[in-house]
1. In segment 90-107, is there at least one residue being within 18 Å of residue 5 (Cα to Cα), touching a Lys or Arg at 6+ places or on another chain (Cβ under 9 Å), at pLDDT 95 or above and open to solvent by 20 Å² or more (accessible area, probe 1.4 Å)?
2. Among (1) among the hydrophobic types (A, V, I, L, M, F, W, C); (2) surrounded by 15 or more Cβ atoms within 10 Å (Cβ to Cβ); (3) modelled with pLDDT of 95 or more; (4) closer than 24 Å to residue 22 by Cα, where does residue 51 come up short?
3. Checking the conditions here, which among 28, 43 is open to solvent by 60 Å² or more (accessible area, probe 1.4 Å), closer than 17 Å to residue 96 by Cβ and more than 14 Å from the chain's Cα centre (by Cα)?
4. Give segment 59-97 a look and list any residue that's under 30 Å from residue 29 (Cα atoms) and without any contact (Cβ under 8 Å) to a residue 12 or more places away in the chain, or say none.
5. Of everything in segment 54-70, what is open to solvent by less than 30 Å² (accessible area, probe 1.4 Å) and under 12 Å from the mean Cα position of the chain (by Cα)? Give them in sequence order.
Amino acid sequence: MAHIVFYEKPGCGGNARQKALLRGARHTLETRDLLAWPWTAATLLDFLAPLPVAQWFNRAAPRVKSGEVVPEQLDAEAALALLLAEPLLIRRPLMQWGDSRLVGFDTQQVHDWVGLGPNAPAPTALEGCAAAPHAAGGCRAPSS
């Protein structure tokens, strides 16, 4: 069993399903608000640097879905500045176990990383919002 620091968007149905899978595999979670966390370029790059820039982004974010932000057209410096200014654009969850970090929730990748137990779902990406109203219009910042 692992103790995982899990950066989420509070109220996100997708993150709730991901946490349930991890807890069902007997992992403990320390949840943190991805949108309110005091990110710096260095702390965010600790998660994102191994990935291509386009994979740093939450594809369900309204500005990405609308085409206003096109991750494939950004270099690392511009992308990082945008993500720091608008954390809703960060692909989630961000997860940390010890010194190891993971971005997103591909079930096979998570299973290989910490294990999801014998009842793990078939390999799939469990990202994005699944619950209404998120599914219809993409992820929105939580209400104040």
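1. Among the residues of segment 90-107, at least one is within 18 Å of residue 5 (Cα to Cα), touching a Lys or Arg at 6+ places or on another chain (Cβ under 9 Å), at pLDDT 95 or above and open to solvent by 20 Å² or more (accessible area, probe 1.4 Å), which makes the answer yes.
2. Evaluating residue 51 over (1) among the hydrophobic types (A, V, I, L, M, F, W, C); (2) surrounded by 15 or more Cβ atoms within 10 Å (Cβ to Cβ); (3) modelled with pLDDT of 95 or more; (4) closer than 24 Å to residue 22 by Cα leaves (2) as the failure.
3. Selected residue: 28, the only one of 28, 43 that is open to solvent by 60 Å² or more (accessible area, probe 1.4 Å), closer than 17 Å to residue 96 by Cβ and more than 14 Å from the chain's Cα centre (by Cα).
4. 81, 85
5. Across segment 54-70, the qualifying residues are 56, 57, 58, 60, 61.
The values are calculated or read from the model by the stated rules, or taken from the named source; none is laboratory data. None of these values were measured; they are calculated from a predicted model. Because the Cβ atoms are built from the backbone with ideal geometry, glycine has one as well, and the counts that use them run over all protein chains shown. Surface areas here come from the heavy atoms of the whole protein model, side chains and all, with no ligands, DNA or RNA. Shrake-Rupley method; radii C 1.70, N 1.55, O 1.52, S 1.80 Å.
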